[in-house]
């Protein structure tokens, strides 16, 4: 018999709606799973116990009276501790922000509560989402292994079955890296698709908020609940939100999928990742998609452009934090903020100009080949043991610090990018494949991803020995 | 420093970093100086790969919209 915590959002939502289970039961099971796993996984920084139980009871009462809020009604979810919540501290993973209370909900939290979701906790993030310090979170697939970041807790909670869905943020891969390393689905939506109001900023032109889930369908459901224009976010774009479930089952037929090999399959990509992603490409071609080799020689500029923008914008956003509470920051984070102060203005302006060129190059590539998406490895390597983190490989590179090279193109261009599980390494750690789409065309990414997911049992596998 | 590809450029003298920091209102802890010096060298060197794209060809240099959005 399936444990309740193993259900997807779609399955649990159906059972809730039919009255076969209650939100109170789902929430209690989730809180029990949190209690059983947190001493090893450390996914959460704040757990909503009684608040979650009360919200679940209210959702059950609503359902009994005929008020159904939609597919997230009564579903336990987790929020990255970078998003403001009125009823709990928001510390952004930093001792310098210990005990900070915003007194209001981030836009995404407002939308989740309005959609009926039950928030069970706030998840661990790297400090300020910068991704350079080492939080206590561990990977459920190997509790001495790295969970990725900066949305480390959100990825680990999903793999540990201690949340049905989670919210992450992504400035240079911070949704997609932990999703891939923990064997779950993660979407960095198009820039402007999801409001960042109430989200602790890192880099205002690169920051994105997005859904993380265990299945593609759940990811579509969660995006549908949180997407939409919000004038409180200066980067929000007033583009209609489609019904992401419409056409999601249409399959691969007719899709045109670009594969760029020089950059995305470079020497840092490890053999297990290369083999798993090549298998996906072969499968798509066999199933009716058209796979097209493309060449984008400007891709190596993506990371220098993204990093220059990130450094300058983060330091501009956090100048006061650095000057007033710099001593409480982790040294690695502080050095990044100091570094950003020293980036010349000309470098920043040139990076912004180069970014608009890169965006245009991406547009031309999609147009010239009639592409629906680009396909690439999400990361160069599966996870590594904590004590191997930062240790160079035979190329002199740390595969996980070069991960930003595969992630940054979607942040720099603002294009939507989805990672889904596509296999396991010989030693049993998850591998992800990344689909990068046209602006605001998340629906086509979901369609391709679901067609692939249905042919495999990756999402049915769960880490052993958690309880 | 994580993320930054190492370069072969000359190191940035730490006393220069201290002076720049002071001028910017920062008091940079001594323990940060060595790593910051290397990171600044690598970051400044990365500007070269951006210039390869010829960003000077883009116009406008910095977009500006004078409309009022009430």
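What follows is calculated from the coordinates using simple rules that are stated; it is not laboratory data. Given the structure is predicted, the values throughout are model-derived calculations rather than measurements. Cβ placement follows ideal geometry from the backbone for every residue including glycine, while neighbour counts extend to all protein chains displayed.
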>> Need the C-alpha centroid separation for the range A:355-430 versus the range A:186-227, integer Å.
In response: 18
>> Could you list A:170, A:243, A:372, A:393 so that the one with the fewest beta carbons within 10 Å of its beta carbon is first and the one with the most is last?
In response: A:243, A:393, A:372, A:170
> Taking each residue of B:58-64 in turn, how many C-beta atoms of other protein chains fall within 10 Å of its C-beta, and what is the average?
Replying inline: 3
> If only Cα atoms are counted, what is the Rg of chain A, and what is its Dmax, in Å?
Replying inline: 20.6, 63
> Using a basic spin-label model with each label point 7 Å from the Cα along Cα→Cβ, how many nm lie between residue A:369 and residue A:278?
Replying inline: 1.8
>> Output the 0 to 90 degree angle, nearest 10, between the alpha-carbon long axis of helix B:14-23 and the longest principal axis computed from the alpha carbons of chain B.
In response: 50
>> Below 8 Å, C-alpha to C-alpha, sequence gap of six or more: please give me the relative contact order for the range A:119-178 in percent.
In response: 32
>> Please report the antiparallel percentage of the DSSP beta bridges confined to the protein assembly as shown, to the nearest 5.
In response: 65
>> 7 Å from Cα along Cα→Cβ at both residue A:38 and residue B:69: what's the point-to-point distance in nm?
In response: 4.0
>> Can you compute the label reach from residue A:104? Point 7 Å from Cα along the Cβ direction, backbone N cut-off under 16 Å, restricted to the range A:215-247.
In response: A:230-236
> Percentage of Cα-Cα pair distances in the range A:370-467 greater than 17 Å, rounded to whole percent?
Replying inline: 59
> By how many nm would the segment from residue A:51 to residue A:253 lengthen if fully extended, with 0.36 nm per residue of separation less the alpha-carbon distance?
Replying inline: 68.1 nm
> For chain B, taking Cα atoms only, what is the radius of gyration to one decimal and the Dmax to the nearest whole Å?
Replying inline: 17.3, 51
>> With the crude spin-label approximation of a point 7 Å out along Cα→Cβ, what separation in nm comes out for residue A:87 versus residue A:320?
In response: 2.9
